[in-house]
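One structure below.
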Amino acid sequence: MVAERLQVSGQQPYHGYEAAAHVARYAVARPLCSGRRILDIACGEGYGSALLARWGAREVVGVDISTEAIEAAQLHFSHPEVRFLQGDAEQAATLLRDEPPFDLVVSFETVEHVADPTALLTGLRRLCAPGGTIVVSCPNDPAALPPDTVNPYHLRTYTFE
């Protein structure tokens, strides 16, 4: 069975490998956190946003399309430097239009879920401050999933090629 997102709220069985893979993606951004204002697009239940704050971010704004995920994030991963908002990743530039730009924008395992990846990436670029950094990852389903397994939550599949 393929899960839509890593859940820490206990609604799905815990899988150590999946949890480690998700945290490892955030660990890539750890050296970029200190003193920065960070946008975490598709933050899920907020564990990564909380890590970014603990690693020295000045402020983190976590956005996820799922109301349930945002509620879990606020319950389990509240932090003085973290704010969670419900919203669509493809509409983030509109949702955050009144916000100052972000020094660092992270979007892990998101692009494969959206109908218009170009709109997503263009929006992230608009939200990033001049000289800022954007870090994006996507899964390689054929390498990560068992043979003949399709992730029903992915609108497209990306491979190394």
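Sorting check: for 69-76, 104-111, 93-100, 24-31, which peptide has the highest mean count of neighbouring beta carbons within 10 Å, and how do the rest follow?
By packing density, highest mean first, the sequence is 104-111, 69-76, 24-31, 93-100.
So what is the calculated 222 nm ellipticity per residue for the chain, using -39500 (n - 2.57) for each DSSP H run with n of 4 or more, over all residues, to the nearest 500 deg cm²/dmol?
-8500 deg cm²/dmol
If contacts are Cα pairs under 8 angstrom and at least 6 residues apart, what is the relative contact order of the chain in percent?
The normalised contact order for the chain reaches 19 percent.
Taking all protein chains as present, what is the carbon and sulfur share of the accessible area of the chain, in % to the nearest whole number, probe 1.4 Å?
54 percent
How do 56-64, 117-125 rank on mean C-beta neighbours within 10 Å, highest first?
With the highest mean Cβ count within 10 Å placed first, the list reads 56-64, 117-125.
Which entry is the computed mean projected area of the Cα convex hull in nm² for this structure: [x] 10.7; [y] 9.4; [z] 11.8?
Working out mean projected area of the Cα convex hull in nm² from the coordinates points to [y].
Taking only protein heavy atoms into account and a 1.4 Å probe, give the accessible area per residue of the chain in Å².
Dividing the accessible area of the chain by its residue count gives 54 Å².
Given His79, Val114, Leu127, which one lies farthest toward the positive end of the charge dipole of segment 55-130, if we put +1 on the Cβ of every Lys and Arg and -1 on the Cβ of every Asp and Glu?
About the Cα centre, the residue reaching furthest to the positive side is Leu127.
Near Gln86, within a Cβ-to-Cβ distance under 10 Å, what is the net charge of the other residues, with Lys and Arg +1 and Asp and Glu -1?
Cβ neighbours under 10 Å give a net charge of -4.
The values are calculated or read from the model by the stated rules, or taken from the named source; none is laboratory data. Only a predicted model underlies this, so the values are computations on that prediction, with no experimental measurement involved. For neighbour counting, all protein chains shown are included, and Cβ atoms are generated from backbone atoms with ideal geometry for every residue, glycine included. Only protein heavy atoms, including side chains, enter the accessible area calculation; ligands, DNA and RNA are left aside. Shrake-Rupley method; radii C 1.70, N 1.55, O 1.52, S 1.80 Å.
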